[in-house]
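Notes to accompany the following structure.
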Amino acid sequence: MPAVLHTTADQVLTITLNRPETLNALTPDQRDEVVQLLAKASATADVRAVVLTGTGRGFCAGADLRGAATTDERDVGDVARTLRTGAQRLIAAVLDCEKPVIAAVNGTAAGLGAHLALACDLVLAAESARFIEVFVRRGLVPDGGGAYLLPRLIGPQRAKELMFFGDALTATDAERLGLVNRVVPDGDLDKTARAWAERLAAGPTRALALTKQLVNASLDTDRTTAFAAEAAAQEINMTTVDAQEGVRSFVERRKPTYKGH
């Protein structure tokens, strides 16, 4: 079976990590395929929402370190280069995807796997899901954008607690902290993710893309810059067919029908 499954139905692309025997630990080839699929989703009009999930008991247990170079085999700069072109590129692909991305976390999400889920626009978690900042257990510094994502989601002190101790966080606790949008019974995860994705796919796709860009940039910009970006996004969006349909439907007192452009 392919290590990454992908299907498109009703304008929803579903990407499924498919190495259940390793809890879907990511190989470089898998990682690169996910990056390519997300880039293609941005450029494909027939894709208007993305669901990212895994098979088996794990969403993603992080990077597959088997076969990784030992310290003696590395040259200076190898580690930083590997991160830039690997884990950081993967997380950036999720953040930069022009379509809304939903994480359907079906089990363990550890290390890079946790950050992969948290980079998504919306996070659904099965009751059995667990989030683990596993790096400290291996004597490692968090990668895959963890030290960027977590403080923005839950504040620096909570982020440090998770990263300093590396304790497993239940789905319920993750929801309480604000890392998860909703926790659902294991049997309802796929159904709920599909319903959310189809609702997003029926929405004004370009407006959603611009909204995603504004929100993602908001914590890194001052008010003046943020307001300027908002005004520019409004200017761009008002040229779209969907924006015109939204205004027209409001005037005509009917439900809008968005085409995604």
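Here are a few things to note about the model shown:
- Only one of Ala61, Ala147 that is among the small types (Gly, Ala, Ser) and touching a residue at least 24 places away in the same chain (Cβ under 8 Å): Ala61
- Residue check, Leu112 touching a Lys or Arg at 6+ places or on another chain (Cβ under 7 Å) and crowded, with 22+ Cβ neighbours inside 10 Å: no
- Which listed residue is open to solvent by less than 20 Å² (accessible area, probe 1.4 Å) and either under 23 Å from Leu200 (Cα atoms) or free of Cβ contacts under 8 Å to residues at least 40 places away in the same chain (or both), from Leu38, Leu95: Leu38
- Taken together, the residues in region 1-20 that are farther than 20 Å from Ala114 by Cβ and of a type in the set (D, E, K, R) amount to 1.
- Residues located in region 126-138, provided they are under 15 Å from Asn24 (Cβ atoms) and either free of Cβ contacts under 8 Å to residues at least 12 places away in the same chain or crowded, with 24+ Cβ neighbours inside 10 Å (or both): Ala129, Phe131
- Any hit, region 13-30, residues being open to solvent by 50 Å² or more (accessible area, probe 1.4 Å) and of a type in the set (Gly, Ala, Ser): no
- Criterion (outside any loop (DSSP other than H, G, I, E, B) and either acidic (Asp, Glu) or within 16 Å of Arg182 (Cβ to Cβ) (or both)) met by exactly one of Phe131, Phe135: Phe131
- Among the candidates Ala43, Ala103, Ala80, residue that is buried (at least 17 other Cβ atoms within 10 Å of the Cβ) and not charged (D, E, K, R): Ala103
The values are calculated or read from the model by the stated rules, or taken from the named source; none is laboratory data. Note that the structure is a prediction, hence the values are computed from the model and not measured. Here the Cβ is made from the backbone with ideal geometry for all residues, glycine too, and neighbour counts use every protein chain on show. Accessible surface areas use protein heavy atoms only, side chains included; no ligands, DNA or RNA. Shrake-Rupley method; radii C 1.70, N 1.55, O 1.52, S 1.80 Å.
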